[in-house]
Ligand SMILES: *Cc1c(COP(=O)(O)O)cnc(C)c1O
């Protein structure tokens, strides 16, 4: 629909106004001046009342009594629009530009029934495991579900040992702790990520150095990593670890990254919070470095409502992490402590949820991949859309369907595209704002992919994540596709 299809003027006859109201199916038309400035909304009820008072179908709209209608400026955020719709008990609201001309119309039904980015999606076994925990009174932290969940995750990803903890962030923090990373140490970390990858470096008083992405995977650029190593090696300040993030369900290019890290003998911590279930040349995401972490936060591909896992083939490191995660209690009949510890363990109840979720992980991956494929197929004619690549040898979970809107091929700024989609009740997210551009990391050293190109900045400035829930219905996805086609087509 083009908004101007709804326009009528004072000299439009009632018959024509009814036709317009009926043909657009919104129950309204918009009365505008010659220069298209908005005057009021006209409903089918308004016309009916005129006819009942004896006005004829051939008469024009000047018979309408003046009335002021609700409207909102074009850049109104969706939450405020919904508030206006509800307070005034109306079903739609026109948006006006600075000149007072209607540019869009927002439907209440869209905002009241939004399509969200990523919903939790429960299977059938979660309640069974949780029930067991209640029946056996294992409601305390730890217990049989925790141990079983650790074993099941370790078996699934192909790792020797696993430790279930209260969050993915806690798992990263423990990884730094077991590697004895302390104040003043340097840690390299992916630049394009969620802040949770980097915050634990700050917890230790250590110094992050940020490494850009590369265009092929959107993950850590081996070229930028090489440059960072050369500089810090020459200053005799090698990092104590490299945190490599695998974003949006896709592994980083770990072979060359590992080669560089091995050369300098620096361990890798894989932040696979977003990529459980993905693989890289046959190996599961998260098990290629010395330590790996997963997150079971509410919006991740599987969830325990909140939780994380630390994995490693080095059982000693996991044992040490376990000790630190339970307040670092030393063996004794009483409470004996020689080192600083944390309370980071996962509860037995939540581990029950995790065990049920793990059973359906592969199904969830397939659903998300199918959602991605549907977007790709149905939006293939939108020239400015480019999808997150999946290079040969990679298997992405497509946790989120991510795309870039090529600024060379559309005149619409990303803020406008984002706003127009969200105003229709579609939850999209911008790509992570790079860490080097965060006020928190203003003074931190950053290595772009090349002197000419900062890939993370480009992805942030032009990228979007589309709704990708494994339980999204076909109808919901079609709604997203239609709106994107209208805005970008
Ligand atoms: C979600 C996430 C984390 C943190 O996981 P929590 O369980 O929320 O603490 C870490 N890194 C990345 C990249 C994430 O997306």
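Here are the numbers:
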| read-out | value |
| --- | --- |
| For residue 266: the one exception among (1) under 18 Å from the mean Cα position of the chain (by Cα); (2) more than 9 Å from the ligand (Cβ to nearest atom); (3) more than 19 Å from residue 396 (Cα to Cα) | (1) |
| Condition met for residue 397 (in contact with a helix residue (DSSP H, G or I) (Cβ under 9 Å, 6 or more places away or on another chain), farther than 30 Å from residue 108 by Cβ and either without any contact (Cβ under 8 Å) to a residue 12 or more places away in the chain or assigned to a loop (DSSP other than H, G, I, E, B) (or both)) | yes |
| Answer residue from segment 42-59, given it is in contact with a strand residue (DSSP E or B) (Cβ under 7 Å, 6 or more places away or on another chain) and buried (at least 17 other Cβ atoms within 10 Å of the Cβ) and is nearest to residue 13 (Cα to Cα) among those | 42 |
| Pairs, first farther than 15 Å from residue 354 by Cα in segment 148-164, second assigned to a helix (DSSP H, G or I), C-beta under 6 Å, six or more apart | 160/315; 161/315; 161/318 |
| Test: residue in segment 242-250 that is at positive phi, surrounded by 17 or more Cβ atoms within 10 Å (Cβ to Cβ) and within 15 Å of the ligand (Cβ to nearest atom) | yes |
| Enumeration of residues in segment 272-301 that are part of a loop (DSSP other than H, G, I, E, B), away from the ligand (no atom under 12 Å from the Cβ) and in contact with a helix residue (DSSP H, G or I) (Cβ under 6 Å, 6 or more places away or on another chain) | 277, 278, 287, 288 |
| Search result, residues across segment 302-311 that are more than 17 Å from the chain's Cα centre (by Cα), closer than 15 Å to residue 355 by Cα and more than 6 Å from the ligand (Cβ to nearest atom) | 304, 307, 309 |
| Breaking point among (1) within 16 Å of the ligand (Cβ to nearest atom); (2) assigned to a helix (DSSP H, G or I), for residue 189 | (2) |
| Unmet criterion (only one of (1) assigned to a helix (DSSP H, G or I); (2) touching a strand residue (DSSP E or B) at 6+ places or on another chain (Cβ under 8 Å); (3) within 14 Å of the ligand (Cβ to nearest atom)) for residue 350 | (2) |
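Throughout, read-outs are computed from the coordinates displayed, never taken from laboratory work. Quick caveat, the model's predicted, so the values are computed rather than measured. Reconstructed Cβ throughout: ideal geometry from the backbone, glycine too, with neighbour counts over all protein chains shown.
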